[in-house]
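The values are calculated or read from the model by the stated rules, or taken from the named source; none is laboratory data. All figures in this text were calculated on a predicted structure; none of them were measured in a lab. Backbone-built Cβ (ideal geometry, glycine too); neighbour counts: all protein chains shown. These area figures cover heavy atoms from the full protein model, side chains too; ligands, DNA and RNA do not enter into them. Shrake-Rupley method; radii C 1.70, N 1.55, O 1.52, S 1.80 Å.
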Amino acid sequence: MVDAALDTAKIYYPPKVATKIRKEAKGILGKGWSAIKYLVAPSDNFLKSLGPVGREIALIFYAGSQTGNLEGFLDTRSRRVNEWMNKITQELGLSDSSAPIPQDVLDALLQAEDDTIPDSKLSRKALAARNALAKMKTDYLDKSGIKVENLVKEDKDGNTISYFGRRISLTELQGDQNKQAAFAKLISKYLAMDESKAMGIVQDLVKKGEFDEAIGYELGQAGADIALGMPNNIRRQLSAIPTKEMRKIGILEPPEIYLRKYVDSMVKKVEYEKRGGHKRVNELLDQISNPTDRERARNAVKAMLGKTDGTMPNWYRKTQSVILAWNIVTLLAFAALASLPDLAGPVLRSKEFNSLKYAWLEMKNAAMNPEELRGIAKDIGVIASESIQTMYINAAELEAMTPGAKKITEGFFKYTGTEWFTNFSRIYATGMARRFLIHHANSTTSTSARYLHDMGVTQADIKATFDADGNPNFDSAAGKRVKDAMGKFVDESIVRPNAAERPVWASDPRLAFVWQLKSFFYAYGKNIIGGAIREGQTRWNNGEGIKGPATLLVLAAVTLLPLSMLGLEIREFLKNGIAWLLPGVESSDKFYATDRMPWGEYGFEIADRAGVFGPWTMAIPMYQANQYGDRFWVPPLGPTAGRVEDFFSKGMGYVIREGVPIYSAIGGIPADR
């Protein structure tokens, strides 16, 4: 059966991909349980399964919700990036709106990156851009004790040229032989190097995807493959090439994208080095005695660092981009409604029934008077200014989609309300975080003391940070601890998937079409449901008996399930309304499928949509596949494989009818039309 399934893979994927799937799967299935965990378990879980050393490596990157562990590299990274991008937003005078970045700001960023123009000749906004990066160096990098080379230089007249930087575009360079040749000519010209040798440098950069000139490492040192940045010898060579020359041949990221990626790179560098960096991680990896496990652990580390091999032919990237965008606009029309159970996250994270009475107040506050909470949410880094958030979407870590495809999906999430709901839920969670901390700062119970200890704050910290009206001041050391605690609460309440919460292979952008739509199930199960289970275990271990875990179970039931029911009812109502509006389709009772479900089936459907099964929910379509004449092993391969199977079993007409945007939200165009 396994051989038959693997042989069939060549029907659905290009020959090279199918061959790789077969080879990897055959090897994995013959190597036991450890290999299966490597294939299906999140990177964090796999590392922890390797024993104490694996657990220590895992904790460098990811703490896990409601564990009391110190936050890891991935836990703090997104918040720190948002914090600094929000500050840069203010420096550049960008408004907090979803409007495109103004042309004068784009022009200023292009001027700021030109390393032949001294500071004295820059426009006001261009100088502000350079000063913003200088401020980040002094206020964040230097104060963190991280040594980063000072790249400020002078022109021939002694005028200061502050650093702004640039970033080579993997997308532009990888798929264009002409641009690779032009880049090699630049290297040859400015480094007085033979052109064939220069082309070797270009091809090596493309293969490794190491385009971050801002930070570097020394080749040949232990753990160089898990260090961040670009080899220092290459950085020094490329620094001789003027930025405007690279810009002319079209191999650089737009400066607004570079800006976000620069901040991301610096944050990664700081947070990684704070925890020992590549030297410490390499020392730990060397302590894993089994060579196969050691290599897999190294791959997991690379995945969490974003150091996966993302090289792919240009045709593959474009094709995959079209498929990913098509799947999104045809399958996720009701994503905001499906996310309604997310509103239960802050209640579950608050751990007590009295949080129910505050949840409605904070939701109302977030909807009707969001500015105060929005400001706090931006200060703690759980949301970014919308114009900067656009940069974030365009600068997605997985280089799987073309800019055009990203723009389509960005617009889709905006106009279907998903973007608004995501920001709303995190703003609401910020209000719940504040209530949680202030409540337990004024409690004398041992439980409150445990909660605050797990968050890394004390009652004195909280009282010193908030005034009588609940307004925070995060400037002091105590305030910074409270800020981190609030960010931790929000991130443990509203999922924000990261590389530790998915299998190692899922961080490979070439397999994005396989992993698509799976992140939520893994992250929700590991973060929200897993956190509640861990709290239940803690209460049991503390001698609370069945009452402790049962309280959390009931709290989950009275929040997750009603929200899931509400979302499903609204979804069915909207589907019927869309059918009434669209030509060729008639509204009818068929869109109210839940009205005809037996109670047992309905209860299971609601629990599934509430996310309580975590990643195990992906086994449900495998079990149900036979009912629809499908193969059981196709659903785990993603929606793209499902569409290909439909093409072979039901014909192109069926795939087209099911895949027309808007119509796809109600099951497609009827066959008789």
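Name the one entry in Asn527, Asn498 that is in contact with a helix residue (DSSP H, G or I) (Cβ under 6 Å, 6 or more places away or on another chain) and under 25 Å from Pro621 (Cα atoms).
Working: Asn527 fails: in contact with a helix residue (DSSP H, G or I) (Cβ under 6 Å, 6 or more places away or on another chain).
That would be Asn498, the only listed residue that is in contact with a helix residue (DSSP H, G or I) (Cβ under 6 Å, 6 or more places away or on another chain) and under 25 Å from Pro621 (Cα atoms).
Consider Tyr258 carefully, then state whether it is within 30 Å of Ala108 (Cα to Cα) and surrounded by 18 or more Cβ atoms within 10 Å (Cβ to Cβ). So that I can check it myself, show each step before the final result.
On the way: within 30 Å of Ala108 (Cα to Cα): yes; surrounded by 18 or more Cβ atoms within 10 Å (Cβ to Cβ): yes.
Spelling it out, Tyr258 is indeed within 30 Å of Ala108 (Cα to Cα) and surrounded by 18 or more Cβ atoms within 10 Å (Cβ to Cβ).
Report whether or not Lys357 is open to solvent by 30 Å² or more (accessible area, probe 1.4 Å), at pLDDT below 90 and farther than 30 Å from Gly667 by Cα. Walk me through it before giving the result.
On the way: open to solvent by 30 Å² or more (accessible area, probe 1.4 Å): yes; at pLDDT below 90: yes; farther than 30 Å from Gly667 by Cα: yes.
It is true that Lys357 is open to solvent by 30 Å² or more (accessible area, probe 1.4 Å), at pLDDT below 90 and farther than 30 Å from Gly667 by Cα.
Does Gly543 qualify as being over 17 Å from Tyr663 (Cα atoms) and part of a loop (DSSP other than H, G, I, E, B)?
Working: over 17 Å from Tyr663 (Cα atoms): yes; part of a loop (DSSP other than H, G, I, E, B): yes.
Considered against the rule, which asks whether it is over 17 Å from Tyr663 (Cα atoms) and part of a loop (DSSP other than H, G, I, E, B), Gly543 comes out as yes.
Would it be correct to say that Leu70 is open to solvent by 50 Å² or more (accessible area, probe 1.4 Å), among the aliphatic types (A, V, I, L, M), at pLDDT below 90 and not in a helix (DSSP H, G or I)? Explain how you work it out, then say what you get.
Numbers: open to solvent by 50 Å² or more (accessible area, probe 1.4 Å): yes; among the aliphatic types (A, V, I, L, M): yes; at pLDDT below 90: yes; not in a helix (DSSP H, G or I): yes.
Judged against the criteria, Leu70 is a match.
Which residues, taken from the stretch 36-87, are out of contact with any Gly (no Cβ under 6 Å at 6 or more places or on another chain) and on the phi > 0 side of the Ramachandran plot?
Listed by number, the residues that qualify are Gly51, Gly64, Gly68.
Can you confirm whether the stretch 289-300 contains a residue that is under 21 Å from Leu141 (Cα atoms) and open to solvent by 10 Å² or more (accessible area, probe 1.4 Å)? Don't jump to the end; show me each part of the working.
Kept after step one, since they are under 21 Å from Leu141 (Cα atoms), are these residues of the stretch 289-300: none.
Among the residues of the stretch 289-300, not one is under 21 Å from Leu141 (Cα atoms) and open to solvent by 10 Å² or more (accessible area, probe 1.4 Å), which makes the answer no.
Which condition from (1) part of a helix (DSSP H, G or I); (2) surrounded by fewer than 18 Cβ atoms within 10 Å (Cβ to Cβ) is the one that Arg374 breaks?
(2)
Looking only at residues that are open to solvent by less than 30 Å² (accessible area, probe 1.4 Å) and touching a helix residue (DSSP H, G or I) at 6+ places or on another chain (Cβ under 7 Å) in the stretch 301-316, which one is modelled with the lowest pLDDT? Break it down stepwise before answering.
So the first thing to find is which residues in the stretch 301-316 are open to solvent by less than 30 Å² (accessible area, probe 1.4 Å), and the list is 301, 303-305, 310, 312, 316.
From what is left, the residues that are touching a helix residue (DSSP H, G or I) at 6+ places or on another chain (Cβ under 7 Å) are 301, 303-305, 310, 312.
Details: Val301: 96, Ala303: 93, Met304: 93, Leu305: 92, Gly310: 71, Met312: 78.
So the residue we want is Gly310.
All but one of (1) in contact with a Gly (Cβ under 9 Å, 6 or more places away or on another chain); (2) open to solvent by less than 40 Å² (accessible area, probe 1.4 Å); (3) under 30 Å from Tyr316 (Cα atoms) hold for Phe521; state the number of the condition that does not hold.
Unmet for Phe521, out of (1) in contact with a Gly (Cβ under 9 Å, 6 or more places away or on another chain); (2) open to solvent by less than 40 Å² (accessible area, probe 1.4 Å); (3) under 30 Å from Tyr316 (Cα atoms): (2).
For the stretch 465-486, which positions are touching a helix residue (DSSP H, G or I) at 6+ places or on another chain (Cβ under 8 Å) and open to solvent by 70 Å² or more (accessible area, probe 1.4 Å)?
Passing the criteria: Asn473, Arg481.
Which members of the stretch 294-332 meet the condition of being outside any helix (DSSP H, G or I) and either more than 29 Å from Phe489 (Cα to Cα) or basic (Lys, Arg) (or both)?
Keep residues of the stretch 294-332 that are outside any helix (DSSP H, G or I), which gives 306-313, 332.
Residues satisfying the conditions are Lys307, Thr308, Asp309, Gly310, Thr311, Met312, Pro313.
The rows are residues; the columns are (1) touching a Leu at 6+ places or on another chain (Cβ under 8 Å); (2) more than 22 Å from Asn82 (Cβ to Cβ); (3) open to solvent by 30 Å² or more (accessible area, probe 1.4 Å); (4) assigned to a helix (DSSP H, G or I).
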residue: Asn423; (1), (2), (3), (4): no, no, no, yes
residue: Ile427; (1), (2), (3), (4): yes, no, no, yes
residue: His439; (1), (2), (3), (4): no, yes, yes, yes
residue: Leu452; (1), (2), (3), (4): yes, yes, no, yes
residue: Lys488; (1), (2), (3), (4): no, no, no, yes
residue: Ser493; (1), (2), (3), (4): yes, no, no, no
residue: Arg510; (1), (2), (3), (4): no, yes, yes, yes
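Which condition breaks for Ser265 when tested against (1) touching an Asp or Glu at 6+ places or on another chain (Cβ under 9 Å); (2) in a helix (DSSP H, G or I); (3) open to solvent by 20 Å² or more (accessible area, probe 1.4 Å)?
It is condition (3) that Ser265 fails.
Please verify whether the stretch 83-104 includes one or more residues that are touching a Pro at 6+ places or on another chain (Cβ under 9 Å), assigned to a helix (DSSP H, G or I) and open to solvent by 20 Å² or more (accessible area, probe 1.4 Å).
No - not one qualifying residue is present in the stretch 83-104.
Go through the stretch 539-552 and count every residue that is surrounded by fewer than 13 Cβ atoms within 10 Å (Cβ to Cβ) and among the hydrophobic types (A, V, I, L, M, F, W, C). Please lay out each step first, then the result.
Of all residues in the stretch 539-552, those surrounded by fewer than 13 Cβ atoms within 10 Å (Cβ to Cβ) come to 541-543, 545-547.
Then drop every residue that is not among the hydrophobic types (A, V, I, L, M, F, W, C), which leaves 546.
Here the count works out to 1.
Can you work out which of the residues in the stretch 640-673 that are of a type in the set (Asp, Glu) and under 25 Å from Ile578 (Cα atoms) is least open to solvent (accessible area, probe 1.4 Å)?
Let us first name the residues in the stretch 640-673 that are of a type in the set (Asp, Glu), namely 645-646, 658, 672.
Cutting the leftovers down to under 25 Å from Ile578 (Cα atoms) gives us 646, 658, 672.
Details: Asp646: 30, Glu658: 63, Asp672: 126 Å².
If we take residues in the stretch 640-673 being of a type in the set (Asp, Glu) and under 25 Å from Ile578 (Cα atoms), then Asp646 is least open to solvent (accessible area, probe 1.4 Å).
Among the numbered criteria (1) more than 29 Å from Asp342 (Cβ to Cβ); (2) in contact with a helix residue (DSSP H, G or I) (Cβ under 6 Å, 6 or more places away or on another chain); (3) β-branched (Val, Ile, Thr), which one does Ile606 miss?
So the condition that Ile606 fails would be (1).
Name the residues in the stretch 608-639 that are surrounded by 17 or more Cβ atoms within 10 Å (Cβ to Cβ), over 20 Å from Leu568 (Cα atoms) and aliphatic (A, V, I, L, M), would you?
Ala625, Val634, Leu637
Name the single residue that is farthest from the chain's Cα centre (by Cα) among those in the stretch 212-228 being part of a loop (DSSP other than H, G, I, E, B), of a type in the set (Gly, Ala, Ser) and at pLDDT 85 or above. Don't jump to the end; show me each part of the working.
Keep residues of the stretch 212-228 that are part of a loop (DSSP other than H, G, I, E, B), which gives 212-215, 218-223, 227-228.
With the extra rule that they be of a type in the set (Gly, Ala, Ser), the set shrinks to 214, 220, 222-223, 227.
When the remaining residues are screened for being at pLDDT 85 or above, the result is 222-223, 227.
Values: Ala222: 29, Gly223: 25, Ala227: 21 Å.
Ranking the qualifying residues of the stretch 212-228, first place goes to Ala222.
Got at least one residue in the stretch 557-564 being open to solvent by 30 Å² or more (accessible area, probe 1.4 Å) and farther than 22 Å from Leu332 by Cα?
Going through the stretch 557-564, the residues open to solvent by 30 Å² or more (accessible area, probe 1.4 Å) turn out to be 557-558, 561-563.
Right, trim to farther than 22 Å from Leu332 by Cα and you get 557-558.
Yes, because at least one residue in the stretch 557-564 is open to solvent by 30 Å² or more (accessible area, probe 1.4 Å) and farther than 22 Å from Leu332 by Cα.
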